[in-house]
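Derivation of every value follows stated rules applied to the coordinates shown; laboratory data play no part. All values reported here derive from a predicted model rather than from experimental measurement. Here Cβ is always computed from backbone atoms with ideal geometry, including for glycine, and neighbour counts include all displayed protein chains.
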Amino acid sequence: MKIEKIMIMMVVILLVFTSFVWAEKVVVLSDLVNPKTITVEGNQIYITELDSIFLYSLKDFKLQKKFGSRGEGPGEFRVTPTRYITISLLPDSIVVDSIGKVTIFSRKGKFLKEMKAPLYGGVIPLGKKYVGYSPVTEGNTGFVLISIYEPGQNNSLKNVKDFHKFGYPIFRGNSKMDPVKMFRPPLAFTYQDKIYVDDGVEGKIYVFDSSGKQLYTIELECDKILLAGKLKHEYIDTFKTSPTYKAFYEIVRHRLEFSAYLPKIRKCHIIDNKIYALTYKRETAGKGEFLICDLKGTLLKRVMIPFKESDIVELYPYTIKDNKIYQLVEDQDSDEWELHINEIN
């Protein structure tokens, strides 16, 4: 009997252990040079670079189409090295946001129309309306202003309501700036006719209806991570040496002042009736901590998922869909981009 009990216990332990083993799938996407975003919907993968959109099959990972280019004409995008295109998927169209315009394509990449938009803000669809966020200043204080827009005359979006704003560091005067927060601004999302605004620092998500009326506030259950010692030096070294940040660092280093703690949330996704919030917790190498909550903010589970970062500041592009995380990772030896797919157990 003792032997049988021991064998049963060993089987149970083995089953428990194997249930936590990650079955990662890796696919090389050789057409990519410098991807910025990834979206998965239906049987397709949508990947954007600075001014181009790639459509891949989710079944065999083959490139189906590439479209988009930089320019001022119809169907072209206005971009800069730091302001690349982003997309939103509607049931029958792709909405592309670039500097000063919103461009609409069919799901197969056929150009349909475009509208003028706030010059340097981001724009995302909300039913027949749009939500835009843009930088504004009042004296030496900078803000991110969240507004509702509607299609107006002359193929342009008109502002119908400013409904929320956040303080934000800007390049004016001699005020101090927190570089971590500079690269972690507030973000707006739309989902099921609601607007979700992630404050970027305190782990709060403000929820509004489609008219801009605030419904409730979500406070995510996040650990506070002290920014000091080795961790702080790692941030400083990245700002000093990275091609992305070093020019910025040299110009404003006399004004930089780090906060005592990191922001509570690094990035959020709202998909499949859940909130997936990536924290700054980095206790396990090669994994990221995600808080998975319902749309009211109730914590469903806290899980460590295989996850790679480009550096301590910048994330490799990723998305979540159907309980899987899809992340584009550059192979430093071959310079090829790989798609890593992991189940969220």
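At-a-glance table
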| quantity | calculated |
| --- | --- |
| Between segment 73-138 and segment 146-164, the Cα center-to-center distance that results, in Å | 13 |
| Nearest-20 debye value, segment 264-345 charge dipole, Cβ charges on Lys, Arg, Asp, Glu | 820 |
| Listed peptides 275-284, 183-192 by packing density, highest first (mean Cβ within 10 Å) | 275-284, 183-192 |
| Helical contribution to [θ] at 222 nm, DSSP H n ≥ 4, -39,500 (n - 2.57), averaged over the chain, rounded to 500 | -3500 deg cm²/dmol |
| Hull-based mean projected area of the chain, where the convex hull spans the alpha carbons, in square nanometres | 21.4 |
| Only Lys, Arg (+1) and Asp, Glu (-1) charged, at Cβ; the chain dipole about Cα centre in debye | 660 |
| Environment charge at K321 (Cβ cut-off 10 Å; Lys +1, Arg +1, Asp -1, Glu -1) | -2 |
| Highest-first arrangement of 260-268, 59-67, where packing means the average Cβ count within 10 Å | 260-268, 59-67 |
